[in-house]
Every structure is written in C-alpha cells, then in structure tokens.
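Right, one structure below, let's go through it.
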Amino acid sequence: MSQEVSLRETYGQTLVELGRENPDIVVLDADLSRSTMTKFFAREFPGRFFDCGIAEQNMVGIAAGLAASGKLPFVSTFAVFAPGHCFDQIRMSIAQPKLNVKLVTTHSGISVGEDGTSHHSIEDLALIGSLPGFTVIVPADAIETAQAVRVAAACYGPFYIRLCRPKLPLVYTEDYRFNLGKAVTMRQGNDATIIAIGIMVIAALEAAENLKREGIDCRVLNISTLKPIDEAAIIEAAAETGAIITAEEHLEHGGLGSIVAQVLARHQPVPMEFVAIKDTYAKSGNASELLERYGLTAKDIEQGVRSAIARK
Amino acid sequence: MSLPEEGNLPSISDSVTTSANSVDAEVFSSSASEAEMEAIAKRLRRYIITMTGKAGSGHPGGSLSAVEILTTLYLRVLRHKPSDPQWADRDRFILSKGHAAPLLYATLAECGYFPVGELLTLRQMDSRLQGHTDRTVTPGVEMSAGALGQGLSFALGVALAGRLNSQHYRVYVLLGDGECDEGQVWEGAMAAAHFKVDNLVAIVDNNGQQIDGWNRDVMNLDPFPMKWQAFGWHVAEVDGHDLAQLIQTFDQAKLVKGQPTVIIAHTIKGKGVSFMENNPDFHGKAPNAEEVKIALKELE
C-alpha cells in the first residue's frame with residue numbers, strides 16, 4: 001500500500017498557496033478550522049479569514065455577499081452541517097444567483113467514525129447534487145484534492161468539494177492532472193466496470209485485483225466530478241463491459257448510483273449493482289468497522305460485480 | 001380599471017436634477033426636496049397598487065409600509081447610478097424582505113433603471129420582474145431574496161468585501177419585523193457586531209404584522225430594540241413614514257463608528273390605502289379591479 005496522506009491537510013495547504021497567488025481569496029469556517037484545516041490559511045491571512053462561529057446559515061450568506069462583491073470565498077465545515085444545516089441558504093443565496101462560492105466540506109460519509117449518526121454525512125451529495133448549476137467533486141486522494149481545489153478556484157461558479165476525515169493511500173502520482181468533468185480510467189478491463197468516488201476508489205482497485213484471481217477482468221473508473229457527470233465515459237464503459245457497479249460512501253438514493261443509473265437508463269441499459277449505504281443511519285464505531293458493517297468494502301464491491309455479471 | 005401606460009408616466013429622472021456637488025453627473029441626486037419626495041412616495045404607492053392589481057397576485061401590504069424608507073434611500077441617501085447598476089463604488093441596497101419586490105421595482109423604475117411601463121409585466125412569464133427579487137435578471141437588484149432571513153448575512157458579506165477592498169460604499173438592508181423570527185437574522189446580527197462593520201445599516205420595516213396576524217400574537221419580538229442593543233448594535237427608532245425623521249436618522253447613522261446601526265422604522269402595513277392599512281389580508285393578496293380603483297382614488 002502506498003503512502004497515506006490527509007486530504008484535509010492538503011486542502012488547507014493548497015488554500016494557503018492559492019491565498020498567496022490571489023488576494024481576492026477569502027476563507028470562512030464555522031468553528032471547525034482546526035478540523036477542516038482552514039487554520040493554515042487563518043494563520044497566514046488573518047484579515048482574510050472569517051470564523052463565523054457555530055452558525056452555518058449566516059456563514060453561507062456572508063460568503064454569498066462576499067462573492068457578489070468580487071471576492072472568492074472558500075467555505076468550510078463538516079459535510080453534515082453544510083448542506084445539512086443550511087440547504088436553503090445554499091439554494092437561494094448561492095445556487096440560484098450562480099455566485100462564485102466554493103464549498104469545501106470535510107468529515108464526509110461514515111468514515112468519520114465514532115462521532116456517530118449526527119456526524120455521518122450520507123445525504124450531502126443528494127442535496128447538493130439537486131441544486132442547478134453546482135459543480136460537485138469527490139476527490140479520491142490528496143493529489144486529486146489539491147488539483148480539484150485549484151480548478152475550483154480557477155473556474156467561475158458554485159462548487160462543492162467533498163473530503164473525508166481519514167488519510168487515504170495515494171492512487172495518483174504527482175504528475176496527475178485533474179480534468180474537470182472527465183472520468184479517469186484507473187484500470188482497464190472488459191468484463192464489468194466499477195465506477196467509484198472518494199474513499200471507494202481504493203476499494204474498487206482492491207476489488208478488481210481480487211477478482212482477477214477469479215478470472216474476472218474489471219475496469220475501474222474514478223468519476224470524481226459527480227456533476228456534471230461524464231456521460232460519455234459511463235456509456236462507453238457500459239457498452240464495452242456490459243455491467244456497471246457503482247461504489248460510494250453515501251446513501252444509495254440520490255448519489256453516484258442514482259446519477260449513473262439515470263445515464264444508463266437513457267442511453268445504454270445494462271445490469272447494475274449499487275455499493276452504497278442502504279436506507280439506514282449508521283452508528284458509532286471505528287471507520288473500518290463501520291465500512292464493513294454498512295457494506296462499503298472491497299468484498300462488497302466484488303459481490304456486486306459477480307451479481308451484475310450474472311445478469312448480463 | 002385604469003392602468004398606466006409606458007410613456008405617459010413621468011419618472012423621477014425627469015423631475016429631479018442631479019446633484020451639483022456630485023463628482024460624477026451620473027451619480028444619482030441627493031438633492032430632492034421633501035415636497036418632491038412626498039409626491040414620489042405617493043406615485044410609488046400608485047405603482048404598487050397598479051402593478052399588483054394587474055398581476056393579480058403579490059404583496060401590497062409590506063410594500064406600502066416601506067415606501068418612505070425606499071424613497072429616502074434612493075432619493076437622498078444612496079450614491080447610485082441608474083445608468084450603471086454595477087458601478088463598483090455604488091452604495092448597496094439589499095431587500096431582504098423579498099416579497100416587497102413591487103416597491104423595489106417601482107423605485108428602480110422611477111429612478112430610471114428600466115422603463116416604468118415594464119412594471120406592468122410583474123410576475124408574468126419571461127418578465128424581468130419576478131414575484132420575488134432575482135439578482136440575475138433585474139437591473140439594480142442586488143440579491144435574490146424571498147426566502148426570509150437571508151439578507152442580513154448577505155449584506156454583511158458585501159460590507160466585509162467593501163472593507164477588505166478599501167471601498168467606501170455603504171450597505172443598507174431592509175428586513176421585515178416578522179422576518180426577524182428567523183434565527184439566521186440573529187446569527188447575522190451577532191456576526192455584524194462581532195466584525196464591527198460600521199458601513200452596514202439594517203432597517204426594520206416594523207409594521208407589526210405578519211401573514212397570520214399581529215407579531216405579538218404570532219411570535220412576540222419584544223423587547224425588540226433591546227434585542228438589537230444586546231446584540232451590539234447602535235439602535236435608532238423612527239416614524240417610518242416621516243421623511244424628515246428618516247433623512248436625519250440615515251445621516252446620523254453615517255457617524256456611528258465601530259458598530260452596525262439598525263433603524264427600527266415604525267410603519268403601518270398597507271399605508272396609504274384605507275382598507276389595506278393594518279389589514280393582514282393584504283400581506284400576500286393583490287387588490288381586485290374594484291379595489292384598485294378605490295385605492296388609486298385615495299392616492300390621487
């Protein structure tokens with residue numbers, strides 16, 4: 001296994017670099033700067049950092065006003081609190097007017113672990129993905145995180161970037177260049193395609209490796225831009241491999257699986273399986289225990305692949 | 001019923017000269033007399049009645065209550081350029097109570113942001129005058145509002161940007177009193193005082209009513225001025241229909257340093273139309289043809 005790197009720390013360090021390059025960048029946090037790692041920016045640019053206290057609705061509104069006045073705000077808190085605490089503020093103050101606000105949340109999914117249900121963000125992609133005009137990115141490692149944050153800063157419009165709490169093994173090398181809206185083929189294969197995001201990309205690669213021993217040859221796509229989705233890559237994978245398995249650390253409804261299924265239903269219907277959290281809330285536990293309990297491991301992906309292939 | 005036609009309605013820009021002191025002739029007047037302002041306020045009320053009547057829906061009550069507030073702001077307080085709505089140094093007016101869109105549209109049209117006749121398109125398909133404000137389509141509209149509680153936070157962001165950029169514009173945000181039921185208003189109030197923004201003035205259109213009735217019965221806000229004071233704001237109270245008091249209060253607010261100012265403007269919902277005054281029925285209901293006729297007669 002390659003070196004494990006924190007996506008959050010990478011985000012915080014990238015913000016500092018961007019802050020040096022662009023004086024219009026401002027950062028807002030809701031009393032979680034030590035966890036989201038916006039603390040690095042706060043330390044270097046105290047005049048451009050606004051700790052809004054534990055008040056996410058107000059934070060989002062302030063960011064919208066800053067963006068409407070030519071600033072480039074990055075807004076951070078835990079994924080469960082934004083969009084969770086401030087959905088209508090994101091909808092009316094940012095999405096409808098298409099303001100240039102970058103929402104970068106951390107501690108997404110159930111890999112937050114022991115904090116339990118109140119801190120497990122398993123609906124955020126459905127919520128944010130429902131908002132017209134939002135670009136949604138779920139990086140798979142620290143290298144992709146740094147790239148995605150830079151791309152978000154360079155592109156006008158509302159962005160949501162979803163980061164996890166645990167450190168993740170690198171799936172990319174330093175020369176990787178994130179291409180907004182494009183899926184990346186992580187591994188070639190012809191029997192089925194696993195389409196994954198975030199922490200599930202590494203699990204998908206592990207599953208593909210294990211299935212190879214059974215003689216099953218899996219393609220793996222990292223589709224880190226969830227919106228706008230790379231329809232062409234999904235259609236091509238379905239046409240060439242005949243079975244699709246999605247893998248995400250999110251509820252089954254409204255996230256990656258739903259989006260991919262919609263693309264396939266319209267253009268290229270093939271057997272599908274969904275590796276995701278079923279219609280339930282998770283509980284306290286450590287990250288690996290939770291991922292196992294709620295069906296988010298390489299083994300679950302392998303089972304999904306076998307099941308989809310059986311229906312080809 | 002008689003509806004105004006584009007072309008036969010005088011606009012403010014015809015009747016008010018630009019300030020001789022202004023560095024830029026296009027920067028809007030701050031020299032309107034109180035007599036002129038009174039005439040304009042009455043005309044804005046006629047437009048509100050006419051446009052909501054034509055639309056068949058809309059919010060006349062909370063538009064009529066804030067007529068003098070907007071008249072004062074747009075005629076005497078704001079530095080703005082109707083010919084250049086995006087002028088970087090303009091003072092900003094943010095309508096947080098977005099349902100008072102008819103009043104804002106009437107005021108902007110009178111100032112020359114768009115033709116007065118366009119007011120008759122309110123709420124129609126493809127109109128620039130949406131039921132609630134939309135900053136992406138209407139010249140002069142700073143914020144997409146209508147979901148109550150969000151304007152103060154937005155205004156605070158605009159005020160902070162002005163400070164960061166060393167721009168000298170001032171930011172004015174109009175809230176409804178009923179809107180202050182929303183928790184976000186108080187998050188914004190706490191933060192504005194914390195960040196010590198003195199280029200921000202909130203005005204509360206304190207007409208005492210919300211959709212379901214009197215504020216005190218639906219959700220009591222008292223002691224209202226003391227709440228703002230406790231949150232760290234400079235508080236002023238005025239008769240929100242008294243132009244002289246409003247002018248003086250806005251002038252005084254410019255002198256307040258190190259903290260934001262709130263002007264609690266005591267107003268009457270539906271002000272100027274006898275059967276709409278203090279009548280919550282006209283919060284979100286347009287006058288019918290007969291009511292339009294009576295109202296316009298009262299506003300002659």
* Asked: For region A:113-135, which residues satisfy the criterion of being buried (at least 24 other Cβ atoms within 10 Å of the Cβ) and aliphatic (A, V, I, L, M)?
  -> A:122, A:125, A:128
* **Extreme residue, farthest from the chain's Cα centre (by Cα), among residues of region B:143-177 that are among the hydroxyl-bearing types (Ser, Thr, Tyr) and within 13 Å of residue A:89 (Cβ to Cβ)** => B:153
* Read through the list (1) more than 14 Å from every other protein chain (Cβ to nearest Cβ); (2) among the aliphatic types (A, V, I, L, M); (3) in contact with a strand residue (DSSP E or B) (Cβ under 7 Å, 6 or more places away or on another chain); (4) under 30 Å from residue B:285 (Cα atoms), then give the number of the only condition that residue B:219 fails. => (3)
* Using the structure shown, decide if residue B:153 is at pLDDT 95 or above and either β-branched (Val, Ile, Thr) or buried (at least 24 other Cβ atoms within 10 Å of the Cβ) (or both). => yes
* Single unsatisfied condition, residue B:234 versus (1) touching a helix residue (DSSP H, G or I) at 6+ places or on another chain (Cβ under 9 Å); (2) surrounded by fewer than 19 Cβ atoms within 10 Å (Cβ to Cβ) -> (2)
* To do: Search region A:80-91 for residues being crowded, with 24+ Cβ neighbours inside 10 Å and within 14 Å of chain B (Cβ to nearest Cβ), and hand back the single one that is nearest to residue A:134 (Cα to Cα).
  => A:90
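Yes/no per residue for (1) at pLDDT 95 or above; (2) assigned to a helix (DSSP H, G or I):
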{"site": "B:251", "(1), (2)": "yes, yes"}
{"site": "B:264", "(1), (2)": "yes, no"}
{"site": "B:274", "(1), (2)": "yes, no"}
{"site": "B:292", "(1), (2)": "yes, yes"}
{"site": "B:300", "(1), (2)": "no, no"}
* Structure fact -> Taking region B:90-112 and keeping only residues that are assigned to a loop (DSSP other than H, G, I, E, B) and crowded, with 24+ Cβ neighbours inside 10 Å, one is left with B:96, B:97
* Taking strands (runs of 3 or more DSSP E) that do not extend beyond region A:149-232, which have at least 2 residues that are crowded, with 22+ Cβ neighbours inside 10 Å? -> A:159-162, A:192-196, A:218-222, A:225-227
* Any chance residue A:66 is among the aliphatic types (A, V, I, L, M) and away from chain B (no Cβ under 11 Å) -> no
* Asked: If residue B:76 passes every condition in (1) touching a Cys at 6+ places or on another chain (Cβ under 7 Å); (2) of a type outside the set (Gly, Ala, Ser); (3) more than 25 Å from residue B:185 (Cβ to Cβ) but one, which one does it miss?
  -> (1)
* **Search result, residues across region A:33-57 that are away from every other protein chain (no Cβ under 14 Å) and either surrounded by fewer than 20 Cβ atoms within 10 Å (Cβ to Cβ) or part of a helix (DSSP H, G or I) (or both)** => A:33, A:34, A:35, A:36, A:39, A:40, A:41, A:42, A:43, A:44
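The values are calculated or read from the model by the stated rules, or taken from the named source; none is laboratory data. Note that the coordinates shown come from a computational prediction; the quantities given were computed from them, not determined experimentally. So basically every Cβ, Gly included, is an ideal-geometry build from the backbone, and we count neighbours across all protein chains shown.
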